[in-house]
Amino acid sequence: MPPFAPIAVCSVAVAGLLLAEWRDSERGIWLAKPVASLSFIWMAVASGATQSSYGWLILVALVLCLAGDLLLIPRNRAAVFRAGVLAFLLGHLAYAAGFMTQPLAWPGLAIGAALLTLVVLVVLRWLGPSLPADMVWPVRAYLVVIALMSVLACGFTAAGGPPEVAIGALAFTASDVSVARDRFLRHEFLNRAWGLPLYYAAQMLLASTPALV
């Protein structure tokens, strides 16, 4: 059973984060978001992440995502936003490396590849006209990497790994749609209202997997 304390702290922090986002309070975001993100680090450590190579790679991925979360707080700072995207990209690579330490099933990889290829093509077509010129290739690279991570997660789960791996990876991918819409199409609270809870649920699921492998 996953540790209750980090789940409780994360839930309260995400509720505070949503309130801060709704009130457009940058101070509130700076107070709530680090707590919410540190909670998934706590979950990983409590789940034994430091006791295996798989766990260490998951922990590295989570720390990189924590950095990305903080870098995405400032608004209208393109260089900082790109640094945040890079941190998340590296985080996805660390997740992928972790999944590759485990058995992978080809049927799961094939189904995941078909699904994620479709998702990437649809998202690129949807975002294409709205992307600034200097973000076209970073976004493409990011989508390819997160798709690779999710495909490997599907292969891992299909080989008998925890379902939390595939569910968490796919939920993480879906939550990024809210970030893309908010940054490139329409900045509104609705994006964060569903994207943030989904993102933190995904990270908490992935953080719990060292105890299940």
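The values are calculated or read from the model by the stated rules, or taken from the named source; none is laboratory data. In this text the structure is predicted, and so the values were computed from the model without any measurement. Because the Cβ atoms are built from the backbone with ideal geometry, glycine has one as well, and the counts that use them run over all protein chains shown. When the accessible area is computed, the model is the full protein with side chains, heavy atoms only, and any ligands, DNA or RNA have been set aside. Shrake-Rupley method; radii C 1.70, N 1.55, O 1.52, S 1.80 Å.
Against the conditions (1) in a helix (DSSP H, G or I); (2) within 17 Å of Ile58 (Cα to Cα), where does Gly161 fall short? Just the number, please. With (1) in a helix (DSSP H, G or I); (2) within 17 Å of Ile58 (Cα to Cα) applied to Gly161, the lone miss is (1). Applying a threshold of 9 Å to beta carbon distances and a minimum spacing of six or more residues, or different chains, the list of pairs starting in the range 1-30 at a residue that is open to solvent by 40 Å² or more (accessible area, probe 1.4 Å) and ending at one that is among the β-branched types (Val, Ile, Thr) and part of a helix (DSSP H, G or I) reads Val9/Val35; Val12/Val35. Annotation note: of Ile111, Ile167, the sole residue that is of a type in the set (A, V, I, L, M) and either under 13 Å from the mean Cα position of the chain (by Cα) or open to solvent by less than 40 Å² (accessible area, probe 1.4 Å) (or both) is Ile167.
Among the residues that make up the range 174-194, is at least one of them in contact with an Asp or Glu (Cβ under 9 Å, 6 or more places away or on another chain) and of a type in the set (Phe, Trp, Tyr)? Checked against the condition, which is being in contact with an Asp or Glu (Cβ under 9 Å, 6 or more places away or on another chain) and of a type in the set (Phe, Trp, Tyr), the range 174-194 yields at least one hit.
Residues checked against (1) open to solvent by less than 20 Å² (accessible area, probe 1.4 Å); (2) among the basic types (Lys, Arg); (3) under 30 Å from Gly48 (Cβ atoms); (4) touching a residue at least 24 places away in the same chain (Cβ under 8 Å):
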residue: Pro103; (1), (2), (3), (4): no, no, yes, yes
residue: Val122; (1), (2), (3), (4): no, no, no, no
residue: Arg125; (1), (2), (3), (4): no, yes, no, no
residue: Ala141; (1), (2), (3), (4): no, no, no, yes
residue: Ala174; (1), (2), (3), (4): no, no, yes, yes
residue: Glu188; (1), (2), (3), (4): no, no, no, no
residue: Pro197; (1), (2), (3), (4): no, no, yes, yes
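Can you pull out every residue in the range 69-93 that is charged (D, E, K, R) and buried (at least 20 other Cβ atoms within 10 Å of the Cβ)? Result: Asp69, single match.
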